[in-house]
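Peer 1: Shown below is the structure under consideration.
The values are calculated or read from the model by the stated rules, or taken from the named source; none is laboratory data. These numbers were taken from a predicted model, which means no experiment stands behind them. Neighbour counts run over all protein chains shown; Cβ positions are idealised from the backbone, glycine included. Calculation scope for accessible area: heavy atoms of the full protein, side chains included, ligands and nucleic acids excluded. Shrake-Rupley method; radii C 1.70, N 1.55, O 1.52, S 1.80 Å.
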Amino acid sequence: MAHTPSAKKRLRQSKKQRIVNKSEKSLIKSYEKRVEKAIEDGSVTSAHEDLQIIQTRLDKAAQRRIIHP
C-alpha cells in the first residue's frame, strides 16, 4: 500500500487509466471481430469502413502506449 501522498495519488490515477485502457483494448478487439466477420460474409463496404475505424484506433492506442507499437 502506498504511504506518501504522491504515491496514493499515483495509485488513484493508475486505477482510472487502467479502466480507460481496458475499454479501448476491448473496443479494438470488437472491431477486429467485426472486420473478420464482414470479410467472411463477403461484405466489402462494411469491412472497409470498419477497417478504417480500427486502423485509426490502433494508431491512436499505439501513440498513447495502450498497445505496443
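Peer 1: Taking the 0 to 90 degree range and rounding to the nearest ten, how far is the long axis of helix 5-41 tilted relative to the main principal axis of the chain, both from C-alpha atoms?
Peer 2: So the inclination is approximately 10 degrees.
Peer 1: Given the whole protein assembly as supplied and a 1.4 Å probe, what does the accessible area of D59 come to in Å², nearest 10?
Peer 2: Only protein atoms counted, so the area is about 110 Å².
Peer 1: For the chain, what is the mean residue ellipticity at 222 nm derived from helices alone (per DSSP H run of n ≥ 4: -39500 (n - 2.57); sum divided by total residues; nearest 500 deg cm²/dmol)?
Peer 2: Rounded to the nearest 500, it is -29500 deg cm²/dmol.
Peer 1: Using a 10 Å Cβ count of at most 14 others and DSSP loop calls, identify the longest part of the chain lacking such trypsin sites (Lys or Arg not before Pro).
Peer 2: 1-63
Peer 1: Arrange the residues S26, S6, S43 by how much accessible surface each exposes, largest first, with a 1.4 angstrom probe.
Peer 2: Accessible-area ranking of S26, S6, S43, largest first: S6, S26, S43.
Peer 1: Measure up K33/K60; K8/K60; K37/K60; K16/K60; K15/K37 against 25 Å on the Cα-Cα distance and list the ones that go over.
Peer 2: K8/K60; K15/K37, as the Cα separations exceed 25 Å there.
Peer 1: Still on this structure: Once you keep just the Cα pairs under 8 angstrom separated by 6 or more residues, what percentage relative contact order results for the chain?
Peer 2: The normalised contact order for the chain reaches 25 percent.
Peer 1: Could you compute the FRET efficiency for S43 and R65, with r as their C-beta to C-beta distance and R0 at 30 Å, rounded to 0.05?
Peer 2: The pair S43/R65 has a calculated efficiency of 0.35.
Peer 1: First compute the accessible area of the chain with a 1.4 Å probe, then give the percent of it belonging to carbon and sulfur atoms.
Peer 2: For the chain, the apolar C and S fraction of the accessible surface comes to 54 percent.
Peer 1: Given a 1.4 Å probe, how much area per residue of the chain is accessible, in Å²?
Peer 2: On a per-residue basis, the chain sits at 86 Å².
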